[in-house]
Amino acid sequence: MKYEVTKCVCNNISFEEMKTFAVRNEIQSIEGLVNVLQVATNCRLCVPFIKKMLATGKTKFEIVSHDEK
Ligand code: FES
């Protein structure tokens, strides 16, 4: 089964919202986002996706469950 990761679940902020904020405020690093938005402040499982979002502009990331192996 495929799932899409679209947000920092702990803080309920979508990658789309983060991207919009980052572009408007010329933020290019995850540290910049963490300093001004409440993202990646708990489990930090969203960190690799936020980094990819900043690098590529993508806001949805497909993951595959281990059940498909
Ligand atoms: S999903 Fe972002 S801190 Fe948990």
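Mind checking the angle between helix 47-56 and the chain's longest principal axis? C-alpha axes, 0 to 90 degrees, to the nearest 10. For helix 47-56, the angle is close to 70 degrees. For the chain, the 222 nm mean residue ellipticity estimated from helices alone, with every DSSP H stretch of n ≥ 4 adding -39500 (n - 2.57) and the total spread over all residues, rounds to -11000 deg cm²/dmol. Of the residues Thr56, Thr20, Thr41, the one that moves most in a GNM of the chain with alpha-carbon contacts below 10 Å is Thr56.
Compute the Kirkwood hydrodynamic radius of the chain, taking the inverse of the mean of 1/r over all pairs of distinct Cα atoms, and give it in Å to one decimal. Taking every pair of different Cα atoms in the chain, averaging 1/r and inverting gives 12.3 Å. Once backbone amide H atoms are built at 1.01 Å from N, Ile13 has Cys8 as its partners under 5 Å, excluding neighbours fewer than 5 places away on the same chain. Here the contact order of the chain, divided by its residue count and restricted to Cα pairs under 8 Å and six or more residues apart, works out to 48 percent. Placing a pseudo-label 7 Å from each Cα along the Cα-to-Cβ vector at Arg44 and Thr20 gives an inter-label distance of 2.9 nm.
Accessible surface calculations at 1.4 Å, restricted to protein heavy atoms, place the stretch 2-68 at 70 Å² per residue. As a fraction of the 1.4 Å probe accessible area of the stretch 2-68, surface on carbon and sulfur atoms comes out at 49 percent. Potential lengthening of the chain between Val64 and Val36 amounts to 6.9 nm, from the contour at 0.36 nm per residue minus the alpha-carbon distance.
The values are calculated or read from the model by the stated rules, or taken from the named source; none is laboratory data. These numbers were taken from a predicted model, which means no experiment stands behind them. Methodologically, a virtual Cβ is constructed for each residue, glycine included, from the backbone with ideal geometry; neighbour enumeration extends over all protein chains shown. We work out accessible area using only protein heavy atoms, side chains counted, and drop any ligands, DNA or RNA first. Shrake-Rupley method; radii C 1.70, N 1.55, O 1.52, S 1.80 Å.
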